[in-house]
1. Can you put A:LEU189, A:LEU86, A:LEU110 in order, fewest other beta carbons within 10 Å first?
2. Could you tell me the center-to-center distance, by alpha carbons, between segment A:228-283 and segment A:1-60 in angstrom?
3. Measure off 7 Å from each Cα along the Cα-to-Cβ vector at B:ARG201 and A:LEU144, then give the distance between these two points in nanometres to one decimal.
4. Can you tell me the relative contact order of chain B? Whole percent, Cα pairs under 8 Å, sequence separation 6 or more.
5. Could you tell me which residue out of A:PRO182, A:THR14, A:LEU144 lies farthest along the dipole of segment A:2-277 toward its positive end? Charges go on the beta carbon: Lys and Arg +1, Asp and Glu -1, centred on the Cα centre.
6. When the chain is fully extended, how far beyond the present Cα-Cα distance does A:ARG185 get from A:PHE268, taking 0.36 nm per residue of separation?
7. Quote the FRET efficiency, to the nearest 0.05, computed for A:ARG83 versus B:ILE15 with a Förster distance R0 of 25 Å and r equal to the Cβ-Cβ distance.
8. Label B:ARG187 and B:ALA74 with points 7 Å out from Cα along Cα→Cβ: what is the distance between them in nm?
Amino acid sequence: MSFFLQLLVAGIATGALYALMAMGFVLVYRATRVVNFAIGEFLLVGGYLTYTLNLVLPLPWAMVLTLPLAFAFGLLVERGFVRPLLGRNVVAVIMATIGLALALDGATQLAWGPDQKYLEGQLPVLTLALGELILPSRSVWSLLLALPAALALVYALKRSRYGVLVRAVAESEVAALAMKIPAPRIVALVWGLSAALAAVGGALLAGLSGVGPHLIAMGLMVFPVAILGGMDSVGGALLAGMLVGVAESLSRGYLEALVPGITEATPFLIVLLVLLARPYGLFGEREIERV
Amino acid sequence: MLAVENLKVVYRGVILALDGVTLRVEPGEAVAVLGPNGAGKSTLVRALGGLLANYEGRVLDGRILLGDAEITHAGPLAPAREGLTAVLEGRPVFRYLTVMENLRAAGHRLPRARLAREIEEVLARFPRLAERRHEQAGYLSGGEQQMLILGMALLTEPRFLVVDEPSLGLAPRLVADLFQRLRQLQRERGLALVLVEQNARAALAIVDRVYVLERGRVVFEGRREEAERDVDVLEFYLGEGPAGYRQARRYRRRKRWV
Ligand SMILES: Nc1ncnc2c1ncn2[C@@H]1O[C@H](COP(=O)(O)OP(=O)(O)O)[C@@H](O)[C@H]1O
Ligand SMILES: [Mg+2]
């Protein structure tokens, strides 16, 4: 029982991180209909920013400072890459984000070299022991940072003044403009936010396991999570993130010994099964039909 | 004062939708822009709202002036700064937002306390909206959506309010009611109203002056009474006129078109 609980909580912790990254990805998709294939590289950029800042700053400060820089990076991507392409056909935009991903892969390698980088110092070790339940520091940090951030984001979107505007722009840019809502600024903000959320993941993972191309692979977990959540539902992404995190964790605990390698496939198997039953994912917004 | 001078608009570089439109609206005045389907009415509304780019459209020639400011190429947020709000065709409310959220989105530039007061005023004006304030706007009826979008437009604090075919798809009784409310609003707030309509009879009841568009051009311009007297306008935009005469004229008109 305690082994199960252990896996469950660890899964929720990882899941919160997935959720956070997926929420940014989903927001971008909702606001611009762009599927950002460079999301893994956003993570990577977050990791390398943390690494670089960490050369001169203590790690916690490096991580904190990464966020505004990543936000600015998101704004740049929106200005330079996305805005010129908006309104073009879907394939062109997808190719562009794939191109962006490759360019960023190359650029980060050029700038920082191909080898794995490790950070100076580490986050304070926070192991949590609740009776038999022992949570590694990694999980505690992720629970501490990612989970509140994810919940705050859902709340802000639902309730805050800006959240309402983001949802309005996501639904119809032209209707928003007609109501004097500064849609371009809000779209840019959404890209910045998405980059910053990915960077939270990147920074946290960098602090835990160093920086290198493995971060891209982590970033790709956003896809099963977002699809499972329904692509355009931020709340859906949150729950789907948890679900995938937990499934992965359980699979690692119980199935990995029997079927080596199964854990990597688990998220995608779940997506496949869910989509067979519910083509719009678990929480995809249903079109409002009214005569 | 709103002035449109010799405005030419193309879509995708080739489709000429406005071919030299000139019109003028004084502050506080109610003007109707009438015309059949495809005349270019919505194009005019989009141009006034600075929204052509969202439809792959572009101003080819001419200009739009609001007071002293030229807003022809100034982008979507410029008309707003100068006090013009364009309500697009098809009552484009945010369907996944609740009535309240729609109103808050539209009034986002107002300070918090003011916004709350103004929203209450809109809800008092349109009690149906008050009843359904927490429902998603996509589930409102057409008439309710039209009231909502008008309420939203009011929260942007326009001096010039341009409304594209508010009567579309509404029952005649609703149209009459809606237009009376529009008229009342326009008077109370001292708004200039540009009412773009195919439903000429209903529109004529509440305006001072009339423009008629046809194939991207102004083919008639005058006071409401003149429009009501003019046989062409009656015939083609009100579907009235002396019967035999009407036949002959329509024939002649058709020949002129082809
Ligand atoms: N987005 C668009 N792209 C290309 N052509 C358009 C577009 N919108 C309107 N048109 C064309 O421009 C002309 C005027 O249309 P519109 O302004 O919608 O007229 P109305 O509102 O009077 O019915 C029509 O011939 C229409 O086909
Ligand atoms: Mg129209």
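Any read-out appearing in this document is the output of simple, stated calculations on the displayed coordinates, not a laboratory observation. The structure presented is a predicted model; accordingly, all values stated were derived computationally and were not measured. Note that each Cβ is placed from the backbone with ideal geometry, even for glycine, and that neighbours are counted across all protein chains shown.
1. A:LEU110, A:LEU86, A:LEU189
2. 16
3. So the two model labels end up 7.4 nm from each other.
4. Computed value for chain B: 26 percent relative contact order.
5. Farthest along the dipole direction, towards plus: A:PRO182.
6. Using 0.36 nm per residue and subtracting the Cα-Cα distance, I get 26.4 nm.
7. Given R0 = 25 Å and the Cβ-Cβ separation, E is 0.50.
8. 3.2
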